[in-house]
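Let me begin by presenting the structure, written as structure tokens, before commenting on it.
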Amino acid sequence: MSLAALGLALSLAAGAARLAVTPDLARHFPIYIGGFGQNRIAAGVHDELWARCLALDDGWGPVVLCGVDSIGLFLEDVEAIRTQAKRRAPQIRYLLVAALHDHQAPDTMGLWGPAPLVSGIHDGYQAWLLERVALAAAQAVQSLRPARLQLAAVHRPELHSFLHDTRPPVVHDAELIVLRAQDRRGRTIATLVNWANHPEALGSRNTLLTADYPASLYSRLEERLGGVAVFLNGAVGGMQSPLGATVTDPHTGKPAEKDTFRFAQIIGHRVADLAADAVSKAPPVAIDRIEAREREVFVPLANKLYRAASAAGVFKGRKPLHTNGQDLKTLVGLIRFRNQNQPVLEMALVPGELYPELSVGGITRYPGADFPDAPEEPAIKKAMSAPFRMLVGLANDEIGYILPRAEWDEQPPWLQNAPKRWYGEVNSVGSEAAPVIVKQVVDLIRGVE
Ligand SMILES: [Zn+2]
């Protein structure tokens, strides 16, 4: 057989799995809910939390993409998931685990316990969660079957209307990217959606565990297309949130009441409908190679609160400092789908909450910035060359906000002469995170060693 014929014979395969990762509140108690303030104890379950995985194999071993309804998973947790998944499915070539940053899920980072510097992590739940994510990844691999793919991108003003950016400049990375895998009989195996918005539509007072707006995104996508819906969140930093958005209820024509399940549902259903409409009409795309690369990156840890939390055991041994005592190890990555050597889809993997200026551009210099002369980081999606471009936030780690250094503002006067400090820096490892991380991601995209 010629090489060309062999290439044609090796078709793409896809598999998918979803497993609930909702705590059993009788066994896992108390569960502190992550995000917003401390000591928010889960009083019940509204809908399931999930680990949802899509496995794709170009013949060189499965690349598995998992989204998890969790506030954040640290690198050490992802490493444990990878080890367990490979024990179950040794053929896994690459495993991405991205928490969706769900603010209505258990505290898996430790920051939202009963009091400051008291960890909110429930050890029993945490261990079980990691096993379940690994199992979902392995099950996706075990269900691999010949597949064809479709890709679609949706840009619409409506997608911006679900986002409220509370910090200047107002920049959204609101593009919706959809990847569907179908089997040879046209049945959907999975639909993967990449969009950027904080899953916190239920607000800070809710005490019922929920996947937030992704719950309705999953159910509507699966109802319309079948298969498994997988969501990967994007550049959610600075602040990409539904909290301040005015969302019209199509049933009443009036704004939906804030902090309600209906508010979350409208967003999830609408995003799912836009994704399903677009991908249903999309032509099949040929993919003959999936390349997955990642790099270790060391980011200077400047945030004193972070160090205090670490010293107090809030992270329960996760997030150790590098042996130099200064740096935090994290990962960046790139997954590139090609056909006949041409990039078709690129996915940048970023280990935290990237400000969208660093994804789509728009860094703005304001009086009051701490580093007025800091060079501008390049925009990650603009550095890509594929027609379809995803940015995955909280990919394989969660290091907090990643802000353009030129917009960093920890010292008064505040940006735009604001009367008080802007929100963001307090939840960032430091001003040097963006230059280091963006450079490494862009080097991966450009093939710089
Ligand atoms: Zn956040």
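Here the condition is being in contact (Cβ under 8 Å) with a residue 12 or more places away in the chain, in contact with an Asp or Glu (Cβ under 6 Å, 6 or more places away or on another chain), more than 16 Å from the ligand (Cβ to nearest atom) and polar (S, T, N, Q); of GLN411, GLN340, GLN440, GLN326, it holds for GLN411 alone. Selection of first residues in region 158-186 that are farther than 20 Å from VAL271 by Cβ and of second residues that are among the charged types (D, E, K, R), restricted to Cβ pairs under 6 Å at least 6 apart or on distinct chains, gives the following pairs, ordered by first then second residue: GLN182/ARG148; ASP183/ARG145. In region 343-372, the qualifying residues are those that are more than 16 Å from the ligand (Cβ to nearest atom) and small (Gly, Ala, Ser), and the one that is farthest from ILE71 (Cα to Cα) is GLY368. Within region 70-93, being in contact (Cβ under 8 Å) with a residue 60 or more places away in the chain, over 20 Å from GLN142 (Cα atoms) and not hydrophobic (A, V, I, L, M, F, W, C) holds for GLY72, GLU76, ASP77. In region 415-427, the residues that are touching a residue at least 40 places away in the same chain (Cβ under 8 Å) and more than 25 Å from GLY72 (Cα to Cα) reach residues that are hydrophobic (A, V, I, L, M, F, W, C) and more than 16 Å from the ligand (Cβ to nearest atom) with C-beta atoms within less than 7 angstrom, at least six apart or across chains, in these pairs: LEU415/ALA369. Looking across region 82-136 at every residue that is touching a Phe, Trp or Tyr at 6+ places or on another chain (Cβ under 9 Å) and of a type in the set (Ser, Thr, Tyr), the one that is nearest to VAL350 (Cα to Cα) is identified as THR108. Of the residues making up region 237-254, those that are in a loop (DSSP other than H, G, I, E, B) and either within 16 Å of the ligand (Cβ to nearest atom) or of a type in the set (D, E, K, R) (or both) are GLY237, GLY238, MET239, PRO242, LEU243, GLY244, ALA245, ASP249, LYS254.
In region 89-127, of all residues being more than 16 Å from the ligand (Cβ to nearest atom) and touching a Leu at 6+ places or on another chain (Cβ under 7 Å), the one that is nearest to ILE33 (Cα to Cα) corresponds to VAL97.
Checked against (1) in contact (Cβ under 8 Å) with a residue 40 or more places away in the chain; (2) within 20 Å of the chain's Cα centre (by Cα), HIS155 passes all but a single condition, namely (1).
Condition first: free of Cβ contacts under 8 Å to residues at least 24 places away in the same chain and either touching a Lys or Arg at 6+ places or on another chain (Cβ under 8 Å) or hydrophobic (A, V, I, L, M, F, W, C) (or both). Can you find one or more residues in region 384-405 that meet it?
no
Take the conditions surrounded by 24 or more Cβ atoms within 10 Å (Cβ to Cβ) and more than 16 Å from the chain's Cα centre (by Cα) and apply them to VAL228. Does it pass? Considered against the rule, which asks whether it is surrounded by 24 or more Cβ atoms within 10 Å (Cβ to Cβ) and more than 16 Å from the chain's Cα centre (by Cα), VAL228 comes out as yes.
Residues that are within 16 Å of the ligand (Cβ to nearest atom) number at least 1 in the following strands (runs of 3 or more DSSP E) confined to region 141-201: 188-195. If the condition is being touching a Phe, Trp or Tyr at 6+ places or on another chain (Cβ under 9 Å) and more than 11 Å from ALA14 (Cα to Cα), then region 49-60 contributes TRP50, ARG52. Within region 30-39, being assigned to a loop (DSSP other than H, G, I, E, B) and within 15 Å of the ligand (Cβ to nearest atom) holds for GLY34, GLY35, PHE36, GLY37. The set of residues in region 10-29 being assigned to a loop (DSSP other than H, G, I, E, B) and of a type in the set (A, V, I, L, M, F, W, C) consists of LEU10, LEU12, VAL21, LEU25, ALA26, PHE29.
Hey, any hits in region 297-308 for a residue that's closer than 30 Å to ASP58 by Cα and either without any contact (Cβ under 8 Å) to a residue 60 or more places away in the chain or surrounded by 14 or more Cβ atoms within 10 Å (Cβ to Cβ) (or both)? Yes, region 297-308 contains at least one residue that is closer than 30 Å to ASP58 by Cα and either without any contact (Cβ under 8 Å) to a residue 60 or more places away in the chain or surrounded by 14 or more Cβ atoms within 10 Å (Cβ to Cβ) (or both). Against the criterion of being in contact (Cβ under 8 Å) with a residue 24 or more places away in the chain and not acidic (Asp, Glu), GLY447 does not qualify. The set of residues in region 47-64 being in a loop (DSSP other than H, G, I, E, B) and under 22 Å from the mean Cα position of the chain (by Cα) consists of ASP47, GLU48, LEU49.
Residue pairs whose Cβ atoms lie under 8 Å apart, separated by 6 or more positions or on different chains, with the first residue in region 192-206 and closer than 15 Å to PHE388 by Cα and the second within 13 Å of the ligand (Cβ to nearest atom) and outside any strand (DSSP E or B), are ASN194/GLY234; TRP195/GLY234.
A short reminder: the numbers here are calculations on the coordinates, not readings from a lab. Nothing here was measured: the structure is a model prediction, and the numbers come from that model. Reconstructed Cβ throughout: ideal geometry from the backbone, glycine too, with neighbour counts over all protein chains shown.
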